[in-house]
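Chemist: I have a structure I would like to understand better, so I am pasting it below and will then ask my questions one at a time.
The values are calculated or read from the model by the stated rules, or taken from the named source; none is laboratory data. Just so it is clear, the structure is predicted and the values come from calculations on it, not from any experiment. FYI the Cβ positions are ideal-geometry reconstructions off the backbone, even for glycines, and counts take in every protein chain you see.
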Amino acid sequence: MSQLPSDAARKLLEAVDSGAMPASHLGLSVEELRECLGQPVSDDVEPVPDNVEPVPDDAEIEKRREAIQRLFMAPFEDFLFDGERTEKEVGRIPRSSTEPIWNWIQEDVLPDTFPDMLDRVHRHLDSGDEEALSAAITVMQEATAAAMSAALERSETEPEHFDRLMKKLGDFAILEDAREIADVFMILDEVRQMHYEVPRLISSFDDIMVSSVRDIYDRLYERDPDRAIYLALALMGRLEFPWQILRLARKVAQRSDDTMISRTDFSILGERLIKRLESIADHFRGLRPGLSDLSELHGLIVEFSDLSSGITKEIELLRIGNWGQRLLTSRNLISTAVGDEFSHYLKDLSNALPLQRVGGFGRGGPRRVDVSRLPDDERVIRILRELDFMDDVKPLAKAIGAQNAFDRTQPELEAYVVSYEDAIIEELRYSEADEAENAEAYLAVACELSKRVCGASASSTLTKRGRIALQASA
């Protein structure tokens, strides 16, 4: 050690003095280490005894706390979601609920024993003994389950206790979250077995996984029928496509239609899917055509289409059934809103590519392009955005019941574009010099809109016709 460079020797001594590296780990006392390094014992720095652990800073304490909470919450991790909620849903817990529940457990549910359990978890976490750590976490979860259940039962019969609990948690929905957490802790073995059998993210809930989970569910149902549904709810949180949970429902109920499944415990799962469809449809209620965020609407339409199609692939939705009727009601609401949105697109197209009537022939008379001013950029951008929305919705039109609206609007737009193409070519041939620039600008807009409405071939043809017309007028 005496051969160490001075900087290295200084850093080593600083580590020993701070307690980050006990001198005993080097097989020497502090004094022997200083002597080897040729450093005198400092008069103003008191050496840290070899058996004193370094004190963690605030960041390290917070990191440890988060690690323990993650381990503690692992059984119900599949229930957690980010963001706010408008109502309590069974099997869905916002992450914001975990902090008040954690504090309630520490301070009120297990105030005497929880600190000791935390200390044991800390020690095993630091030592890296995974088996001991897992056992300590399990003890904590099982003790918490029993104590939480007792406290929640007491709140149902003692108003004063209920009031204190509400004051502590702050919201009745959080109290219901706590009840679900306690129930999940009561079926720890089955939840952990399910976690072992299936991956964290299931892109395809295949027959092998369905059978495996069904076996776990059946055994749990025999032992604890009231809590067995939480296993299915936890599984649902792992599915990339949540409607695939209906495969398990079919397997358990041994029926494939909604009227029978809705009478089983699995009705909770189907109800969640149908409620999501209704929630999406509610976004379309009372929309004002032309004033909507079309990008947001498209995203909602995609989700509705995927979810409704997924449900109908997994189970038979009967028109006489409650779920089938609610799906149709939601789809009709969306299709009506989309039809209303499409209804003003012809007007917006004519505003972007204006034609003015000439002569005294009334509505059936000839029209010519209004090139008195340059195209209005705002109007052009508006119709382009709307046409993009139509194009995005086209493959989903049947799924949302908007095919009729699409079939009605598309020919109207095509007819207007075709009539405008003839008019702009005529204008290019005979426009005055002071209006030629405006006419060319309208030609460029018409080519772009023709591409969106009539296709690339029609747009290419219009471009060629326009070039010939410009050459003829030169």
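Chemist: Here is a list: Leu220, Leu233. Which entry is outside the structural domain of Asp78 (by TED's automatic domain parsing), touching a residue at least 40 places away in the same chain (Cβ under 8 Å) and surrounded by 16 or more Cβ atoms within 10 Å (Cβ to Cβ)?
Modeler: Leu233
Chemist: Let me ask another. Could you tell me which of the residues Ile105, Ile181, Ile93 is within 22 Å of Lys63 (Cα to Cα), surrounded by 15 or more Cβ atoms within 10 Å (Cβ to Cβ) and modelled with pLDDT of 95 or more?
Modeler: Exactly one residue qualifies, and that residue is Ile105.
Chemist: Kindly evaluate Glu421 against the criterion of being assigned to a helix (DSSP H, G or I), at pLDDT below 90, of a type in the set (D, E, K, R) and crowded, with 21+ Cβ neighbours inside 10 Å.
Modeler: So Glu421 does not fit the description; no.
Chemist: Run His161 past the list (1) within 20 Å of Pro75 (Cα to Cα); (2) touching a Ser or Thr at 6+ places or on another chain (Cβ under 8 Å) and report the number of the one that doesn't hold.
Modeler: All conditions pass for His161, except number (1).
Chemist: Residues that are touching a Gly at 6+ places or on another chain (Cβ under 9 Å) and at pLDDT 95 or above: does the range 356-378 have at least one?
Modeler: no
Chemist: Is it the case, given these coordinates, that Pro111 is in a loop (DSSP other than H, G, I, E, B) and over 21 Å from the mean Cα position of the chain (by Cα)?
Modeler: It is true that Pro111 is in a loop (DSSP other than H, G, I, E, B) and over 21 Å from the mean Cα position of the chain (by Cα).
Chemist: Please go through (1) in contact with a Cys (Cβ under 8 Å, 6 or more places away or on another chain); (2) surrounded by fewer than 19 Cβ atoms within 10 Å (Cβ to Cβ); (3) within 26 Å of Leu297 (Cβ to Cβ) for Gln403 and return the number of the only condition it doesn't satisfy.
Modeler: Among (1) in contact with a Cys (Cβ under 8 Å, 6 or more places away or on another chain); (2) surrounded by fewer than 19 Cβ atoms within 10 Å (Cβ to Cβ); (3) within 26 Å of Leu297 (Cβ to Cβ), Gln403 violates only (1).
Chemist: Does Gln244 satisfy the criteria of being of a type in the set (S, T, N, Q) and closer than 24 Å to Phe81 by Cβ?
Modeler: yes
Chemist: Just to be sure I understand the filter: pairs with C-beta atoms under 9 Å, separated by 6 or more residues or on different chains, first member in the range 237-250 and without any contact (Cβ under 8 Å) to a residue 60 or more places away in the chain, second member part of a helix (DSSP H, G or I) and of a type in the set (Val, Ile, Thr). Which pairs pass?
Modeler: Cβ pairs passing all conditions: Leu239/Ile245; Leu248/Val210; Leu248/Val213.
Chemist: Quick one: in the range 108-134, which of the residues that are crowded, with 16+ Cβ neighbours inside 10 Å and among the aliphatic types (A, V, I, L, M) is nearest to Ala173 (Cα to Cα)?
Modeler: Among those residues, the one meeting the criterion is Val109.
Chemist: If you don't mind, another one. Those residues that are part of a helix (DSSP H, G or I) and either among the basic types (Lys, Arg) or closer than 18 Å to Gly339 by Cβ (or both), I need them from the range 275-289; list them, please.
Modeler: If the condition is that a residue be part of a helix (DSSP H, G or I) and either among the basic types (Lys, Arg) or closer than 18 Å to Gly339 by Cβ (or both), then Lys275, Arg276, Ile280, Ala281, Asp282 are the ones that fit.
Chemist: Among the residues of the range 218-240, how many are outside any helix (DSSP H, G or I) and more than 15 Å from Asp207 (Cα to Cα)?
Modeler: Result for the range 218-240: 8.
Chemist: Continuing with the same structure: For Lys63, are the conditions met, namely being in contact with a Pro (Cβ under 9 Å, 6 or more places away or on another chain), surrounded by fewer than 19 Cβ atoms within 10 Å (Cβ to Cβ) and either without any contact (Cβ under 8 Å) to a residue 60 or more places away in the chain or not in a helix (DSSP H, G or I) (or both)?
Modeler: When the stated conditions are applied, Lys63 passes them.
Chemist: Something else about it: Sort through Leu273, Leu297 and tell me the only one that's within 23 Å of the chain's Cα centre (by Cα) and in contact (Cβ under 8 Å) with a residue 40 or more places away in the chain.
Modeler: None of the others qualify; the one that does is Leu297.
Chemist: Further question: Somewhere in the range 90-98, is a residue in contact (Cβ under 8 Å) with a residue 24 or more places away in the chain and farther than 24 Å from Tyr230 by Cα?
Modeler: no
Chemist: Among the residues in the range 265-279, are any at pLDDT 95 or above and under 26 Å from Asp407 (Cβ atoms)?
Modeler: Yes, the conditions are met somewhere in the range 265-279.
Chemist: Please find, among Asp388, Asp392, Asp377, the residue that is outside the structural domain of Pro289 (by TED's automatic domain parsing), closer than 29 Å to Glu341 by Cβ, free of Cβ contacts under 8 Å to residues at least 12 places away in the same chain and within 41 Å of the chain's Cα centre (by Cα).
Modeler: After applying the criteria, what remains is Asp377.
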